[in-house]
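Here is the structure we will look at.
Where a number appears in this text, it was derived from the coordinates with a stated rule and is not lab data. Just so it is clear, the structure is predicted and the values come from calculations on it, not from any experiment. A quick note on method: Cβ atoms are made from the backbone with ideal geometry, for glycine too, and the neighbour counts reach across all protein chains shown.
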Amino acid sequence: MQKLIVQGGMPLGGEISVQTAKNAALPIIAACILTEEPIVIEKCPHLKDIDAMINIMRHLGCSAAFDGDNLHVCCRDVSLNVINADLTGKLRSSIFILGSILSRCRKAYISHPGGCEIGLRPIDLHISGLKGLSVKIEDDGGVICCDGGDMKSGVINLDFASVGATENLMMAGALLDGETVIVNAAREPEIVDLANFINAMGGNVSGAGGSIIRVRGVKKLHGCTYKPMPDRICAGTFLAAVAATGGCATVKDIVPEHLFGITERLKKAGAKLTVRNGSVRICADGRPKAIHKLETNVYPAFPTDMQPQFCAMLSHATGSSVIVENLFENRFGYTTELVKMGANITVKDRIAVVAGVPRLHGAAVKACDLRGGAALVIAALAAEGKTEIYGVEHIDRGYESIEQPFAELGGNIVRTEIE
Ligand code: UD1
């Protein structure tokens, strides 16, 4: 077990690049099942969630191994092993592998992913969407048994624009006869990346990025080499940290348009931003300004995956902010740790009122989920004195050695073993 030790209170500055996106790489790895041929995923991030997906792929008989930063995946033969709870429990989003297994094998067996630290995470939209493609599903709350013997393309109207359900259905339709239409599809950039990947394998997906996606099934997909998009949430995390510490830095190798929902709110918090081709420069002076109301919603609105990091930043803003979490019912757990650092936050249901304090102070705190953990790192960098952050394994699910990019920005942050 490890912890991070952060000496805070200094403005961050400099220039950094971001890793490729975890939330793009995960469905792309799952989609490798759609072809028997080898795939190379370039600059695949080294993360706990990626390892969990690799384990699921190997369990299904695929080969998957890193060669440096490139992940080589080959699903020449796929075995219809039950994906057990010990595998799905490590990766809640494992459910979206169903679509690609069904598309390739017409049968799939997977244990329920269950709830998680940030909410219940039901899978009803995945299930009803697949049923709309004539998949027979038996679900007794344990193993979900899917029979796609009569599977056929169709029109699926999602009640809510779920990212995972949209991805599942795109993969499910990739090898079906005819056209699968997903209405009220999620519009996140990671969806566009998955569409680009399926097309790079010879598929025919159009409309991704809009609310109607059309997947024209093809007979066969082939191998390819693909580099997933840059991680917009990592980029946003670095920008929020610079704003929280009152620094000046450039985050490069990104797609600035993906960050619009984030950069607009950073401007509201008083930061000055310069958007260039592939980079964003941020300059903040002193404490951030409060944001009257910060509300999470589906893309292109402000992302729920940035809510904790902004809460950390606003903890020492000049004034009070209100944060409304619309996506997940239990995503303020990390605030009790921020309070240990001197933050003044009141949570009721899905609303947090953050009264900015002049100064946060160091403390011993524990990360209980991925983005909540990133929020603690930001708070620690902005705080006076030393903070010890436990539960680093949660942060490692989504950030490649988070201490390294922050060290490049001048942050004093080290990882040590817990004795
Ligand atoms: C993805 C992201 C996650 C992000 C989320 C929202 C990945 C691997 N993860 O998760 O980081 O926080 O999008 O941007 O890409 N819901 C249902 N029934 C369903 C499916 C979802 O009620 O069948 C609800 C969820 O409980 C949640 C909301 O819809 O309240 C959003 O979920 P969804 O868009 O599906 O998120 P994920 O794909 O799980």
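List, in the order given, every pair from K267/K366; K272/K340; K107/K219; K107/K136 whose Cα-Cα distance in the structure shown is over 20 Å.
Numbers: K267/K366 30 Å; K272/K340 30 Å; K107/K219 18 Å; K107/K136 9 Å.
Where the Cα-Cα span goes over 20 Å, the pairs concerned are K267/K366; K272/K340.
Scalar couplings 3J(HN,Hα) for region 179-187, obtained by applying the Karplus form with A = 6.51, B = -1.76, C = 1.60 to θ = phi - 60°, are 10, 9, 10, 10, 9, 6, 6, 5, 10 Hz; x denotes Gly and Pro. Please give me the summed charge of the neighbours of S153: other residues whose Cβ is under 14 Å from its Cβ, Lys and Arg +1, Asp and Glu -1. So the surrounding residues net to +3.
Set the Förster radius R0 to 45 Å, insert the Cβ-Cβ distance between V183 and V353 as r into 1/(1 + (r/R0)^6), and round the FRET efficiency to 0.05. With R0 = 45 Å, the Cβ-Cβ based efficiency is 0.75.
Normalised size of the chain, defined as Cα radius of gyration per 2.2 N^0.38 Å with N residues, equals 0.98.
Viscosity 0.692 mPa s, temperature 37 °C: what is the translational diffusion coefficient of region 22-226 from Stokes-Einstein with a Kirkwood Rh over Cα pairs, rounded to a whole number of µm²/s? Show your work: numbers first, answer last.
Working: Rh = 16.4 Å.
Stokes-Einstein gives a translational diffusion coefficient of 200 µm²/s.
Region 398-419 and region 1-77 have Cα centres separated by 19 Å.
Cross-link check: pairs K22/K90; K227/K252; K3/K386; K268/K386 evaluated at a Cα-Cα cut-off of 22 Å; pairs beyond the cut-off: K268/K386.
For E417 and T274, what is the calculated FRET efficiency with R₀ set at 35 Å and r taken between the beta-carbons, to the nearest 0.05? Please list the in-between numbers first.
Working: r = 40 Å, r/R0 = 1.16.
Rounded to the nearest 0.05, the efficiency is 0.30.
Amide H to amide H distances under 5 Å link K107 with G148, where only residues 5 or more positions off or on other chains count and H is placed in the peptide plane. Against the chain, whose longest principal axis comes from its Cα atoms, helix 163-173 is set at around 20 degrees. Take the Cα radius of gyration of region 169-243 and divide it by 2.2 N^0.38 Å, N being the number of residues; the result is 1.30. Taking amide hydrogens as placed 1.01 Å from N in the peptide plane, the amide H of L294 sits under 5 Å from those of V322, I323, V324, each at least 5 positions away in sequence or on another chain. Calculated mean residue ellipticity at 222 nm for the chain: -8500 deg cm²/dmol, from DSSP H runs with n ≥ 4 weighted as -39500 (n - 2.57), summed, divided by the residue count and rounded to 500. Straight Cα distances below 18 angstrom link K43 to the aspartates and glutamates D51, D67, D69, E190, D193, D231, D253, D396, E400, with same-chain residues fewer than 8 positions distant left out.
Counting only alpha carbon atoms, the long axis of helix 370-382 and the longest principal axis of the chain meet at about 20°.
Please compute the Kirkwood hydrodynamic radius of region 140-277 from all pairs of different C-alpha atoms, in Å with one decimal. Intermediate values should be presented prior to the final figure.
On the way: mean 1/r = 0.0578 Å⁻¹.
About 17.3 Å, per the Kirkwood formula over Cα pairs.
Between S17 and K252, the built amide H atoms are under 5 Å apart, and every one of these is 5 or more places off in sequence or on another chain. Converting phi to 3J(HN,Hα) with the Karplus coefficients 6.51, -1.76 and 1.60 and the offset θ = phi - 60°, region 325-342 yields 9, 9, 9, 10, 7, 9, 10, 10, x, 5, 5, 5, 6, 4, 4, 4, 9, x Hz in sequence order, with x at every glycine or proline.
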